[in-house]
Amino acid sequence: TVDVLSHVAVRARNEHHGLIACLDADELNELKTNEACLVKAKLEGETFKIEVLQESLKKSQSMSMNDLKMGMKRVKSKGLITPPSGLHAPPSGLTENTDTPGEAALLRKTSSQSLLSVSGVARKASVLPERLASAAWAIRPSEYDTEVVGSKSLNLQKLLALGLPDWIQVPKSITIPNGAMKKAFRAPENVKVYKEYVELRRLLGKAKANDVSLCPQLRQCVMRLSTPGGLADSLRGILDELGCEEIDESMPAAWEAVKGVWASIWNERAHLARRKLMLEVEDVDMAVLCQKVVDADYAFVIHTTNPVNSNEDEIYGEVVVGLGETLVSNSPGQALSFVTSKKNPGNPPVIKAYPSKSYALKGGAFIFRSDSNAEDLEGFAGAGLHDSISLQSPKKIDVDYSKDKIMNDDKFREELMGKVGAIGKAVEDTMGGFPQDIEGCFRDGQYYIVQARPQV
């Protein structure tokens, strides 16, 4: 199964890749009868259609696999294999009008310098700007700006400043700002590991674009950082302000979580995405957004423009029992999926799929979220490239839908979906009417937004 709003599905759509799940056994068996046929697949709205173009390519005793591959090459050369239709235009190289560059063409021209426009502050690669070098190890929302934090922190601060309906809450947040990892590497206690880190980066710079063999060693370097004195004090302050009652016992795990977020800059998928966009790691900053986990009864993700059919009037939502990690990570089973109308919010939500995930996640205490300036670039979905890490590993619990209100209480389910849709509309309006990708949750009758970003 594929949750439409999971990170992997968002990235697949943005990269113009097909990510398809077939839940109907009869349709799947029919698809299997076309094995090795040349087919044309097209998504029209919410209808997925397959047309057999040529059966002569069908694999048989007289046709080798090499013959089949050569046949597919001929098809590609004729332009019969095209990207999917949907919210985004195909890469400009596949469009008829090549005079006007599309989003993908502009994206391919992105360089490390164009990333600087995300912060709006000019700075030199490989240099720690004075503003970040002198910044505190931890800052509150009133101190957030585009140079010191990423878009997750900024968007939450903006929602707080501009205001939302009082029934929508935003958890307390504190952020370890951009530049903190670079400062930690430059601390006297980390001289040795910094030299190793610089050498590994030098070797990676000489490697092929798709070579990720050094990424694990680079992550290990980050994880071997010792805690600079000032950062240790600030981390204790963060835990105290977020309501941690066992600060001394929690400090080692909190430091490991912060380093884990930093180290995720070197996740293989993140490194390959930077290479594809021609971004230099020197220009990537990683703030860490620190929050207390809302131990949710239900978690949701919202796209305020329906990503399936591009309808700007439709809000697409998905809900799971427990924490949202089972949704964004596309764990086995389906989320409750539905569509609501912006123009006619009184209309009942239209259910697209009922929930079937076998387990939920609970707990976690505190979470340290990646807040990189290389995640939410315009036209580029960076969801899930970097890691967010809980202080404690959430616990798996089995879900019995026959006893859960999301299935056995129609009134509760419809109200939950309606409120989630209303949250999407409220956040989109607050953020200037631009489509939003929102994560939130529901606990004990209260709704929360934990992050919001532009929908791409």
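Classify segment 160-290: rounded, prolate or oblate, from the alpha-carbon gyration tensor (a ≥ b ≥ c, eigenvalue square roots; a/c under 1.5 rounded; otherwise prolate if a/b is larger than b/c)? Oblate, because a/c is 1.5 or more while a/b does not exceed b/c.
If you plug the beta carbon distance of ALA161 and ASP24 into 1/(1 + (r/R0)^6) with R0 = 41 Å, you get a FRET efficiency near 0.30.
Using a 1.4 angstrom probe on the protein heavy atoms only, line up CYS22, CYS37 by accessible area, largest first.
Values: CYS22 45, CYS37 20 Å².
Order by accessible area, largest first: CYS22, CYS37.
Along its first, second and third principal axes, ordered by size, segment 298-454 spans 39, 38, 26 Å in Cα coordinates.
Provide the FRET efficiency to the nearest 0.05 for the SER310-ASP240 pair, computing r from the beta carbons and using R0 = 35 Å.
Details: r = 46 Å, r/R0 = 1.32.
That gives a FRET efficiency of 0.15.
Over segment 4-54, what lengths in whole Å, largest first, do the semi-axes of the equivalent ellipsoid take, defined as the square roots of 5 times the eigenvalues of the alpha-carbon gyration tensor? Walk me through the numbers before you get to the answer.
On the way: eigenvalues 99, 37, 21 Å².
Each semi-axis is the square root of five times an eigenvalue, giving 22, 14, 10 Å.
Could you work out what % of the accessible surface of segment 4-54 is carbon and sulfur, using a 1.4 angstrom probe and leaving DNA, RNA and ligands out of the count?
Numbers: 1660 of 3360 Å².
The nonpolar share, carbon plus sulfur, comes to 50 percent.
Full extension from VAL52 to ALA207: what is 0.36 nm times the residue separation minus their Cα-Cα distance, to one decimal in nm? Please list the in-between numbers first.
Values: separation 155, 0.36 × 155 = 55.80 nm, distance 4.23 nm.
Using 0.36 nm per residue and subtracting the Cα-Cα distance, I get 51.6 nm.
Other residues lying with their Cβ under 13 Å from the Cβ of SER310 contribute a combined charge of -4, Lys and Arg counting +1, Asp and Glu -1.
Pop the C-beta distance of ASP410 and GLU282 into the FRET formula with R0 = 56 Å and round what comes out to the nearest 0.05. Could the numbers behind the result be given before it?
Working: r = 55 Å, r/R0 = 0.97.
E between ASP410 and GLU282, to the nearest 0.05, is 0.55.
Going from most exposed to least, what order do GLU439, GLU312, GLU375, GLU325 have by accessible area with a 1.4 Å probe? Don't skip to the answer; put the middle values down first.
On the way: GLU439 30, GLU312 135, GLU375 5, GLU325 100 Å².
Order by accessible area, largest first: GLU312, GLU325, GLU439, GLU375.
Pairs from the table (LYS152/LYS357; LYS357/LYS425; LYS208/LYS396; LYS395/LYS419; LYS208/LYS357; LYS182/LYS206) lying more than 31 angstrom apart at Cα are LYS208/LYS396; LYS208/LYS357. For the set ARG269, ARG219, ARG453, the ranking by accessible area, highest first and with no ligand, DNA or RNA atoms included, is ARG269, ARG219, ARG453 under a 1.4 Å probe.
If you stretched the chain out fully between THR1 and LYS172, how much longer would it get, using 0.36 nm times the residue separation minus the C-alpha to C-alpha distance? Could you put the intermediate results ahead of the total?
Values: separation 171, 0.36 × 171 = 61.56 nm, distance 3.43 nm.
Going from the current span to full extension adds 58.1 nm.
The values are calculated or read from the model by the stated rules, or taken from the named source; none is laboratory data. Just so it is clear, the model here is predicted, and its values are computed rather than measured. Quick reminder, even Gly has a Cβ in these numbers, built from the backbone with ideal geometry, and neighbours come from all protein chains shown. Side chains are part of the model used for accessible areas, which takes the heavy atoms of the whole protein and leaves out ligands, DNA and RNA. Shrake-Rupley method; radii C 1.70, N 1.55, O 1.52, S 1.80 Å.
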